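Nothing in this text is a laboratory measurement; each read-out follows from the coordinates by a stated rule. No experiment lies behind these values; they were computed from the predicted model shown. Neighbour counts are summed over all protein chains in view; Cβ atoms, including those assigned to glycine, are modelled from backbone coordinates with ideal geometry.
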Amino acid sequence: MQVFTHTITVRTTRPIEIIDISSEVSASLSSTGLDRGQITVISRHTTAFININEKEGRLLEDMETFLKRLVPKDGNYLHNLNPIDGRHNAHSHLLGLFMNSSETIPFSEGKMLLGQWQSVFFVELDGPRAERTILLQISGI
């Protein structure tokens, strides 16, 4: 078994943004030359997450609207009274309670074994940010 580590960097432009990173993950997987195994995709942030879902324009808009309604940015949050980094982002951390920081995806014949409608997304909840990093750990034979 071999293990490879890759990093993907993304720039976000909106407060909440859902970015399809499937092609970047697939390219990293292809670069390893591995046939089968698993790939773990992890966000290295506490206000940005990884999700597997369907890439359809209206659905992505629905997801963003849902997140904004679920935990409003202008709520009365204690974290925002004295934020460590100056960002009033308690809502972002609270939304993170419902998300995964990582996903593990099996692969075979060098291709991720995702369903027909599945894509891998990076979900920004505290943007815009000049740089966000996603770590990939790919293990297999």
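A compact table of results
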{"quantity": "For residue 120, residues with placed amide H under 5 Å, excluding near neighbours", "calculated": "21, 22"}
{"quantity": "Phi to ³J(HN,Hα) by Karplus 6.51 cos²θ - 1.76 cosθ + 1.60 over the range 62-69, Hz, x for Gly, Pro", "calculated": "4, 4, 5, 4, 4, 4, 5, 6"}
{"quantity": "Neighbour-count ranking [beta-carbon atoms within 10 angstrom, fewest first] of 10, 3, 41", "calculated": "3, 10, 41"}
{"quantity": "Assigned charges on the beta-carbon of Lys, Arg, Asp, Glu; the range 19-140 dipole about Cα centre (debye)", "calculated": "200"}
{"quantity": "Relative contact order computed over the chain (Cα-Cα under 8 Å; 6+ residues apart), in percent", "calculated": "56"}
{"quantity": "Calculated from backbone phi, Karplus (6.51, -1.76, 1.60) coupling profile of the range 112-123 in Hz, x at Gly/Pro", "calculated": "5, 8, 8, x, 3, 9, 8, 10, 9, 10, 9, 10"}
{"quantity": "Average silhouette area of the range 19-140, convex hull of alpha-carbon atoms, in square nanometres", "calculated": "8.2"}
{"quantity": "Restricting the range 1-97 to GluC sites (Glu not before Pro) in coil, as DSSP defines it, with at most 13 other Cβ within 10 Å", "calculated": "56"}
{"quantity": "Trypsin sites (Lys or Arg not before Pro) restricted to the range 46-141 and DSSP loop, no more than 14 other C-beta within 10 Å", "calculated": "55, 87"}
{"quantity": "Helical contribution to [θ] at 222 nm, DSSP H n ≥ 4, -39,500 (n - 2.57), averaged over the chain, rounded to 500", "calculated": "-7000 deg cm²/dmol"}
{"quantity": "Spatially proximal aspartates and glutamates relative to residue 73 (Cα-Cα < 16 Å; intrachain offsets below 8 disregarded)", "calculated": "17, 64, 124, 126"}
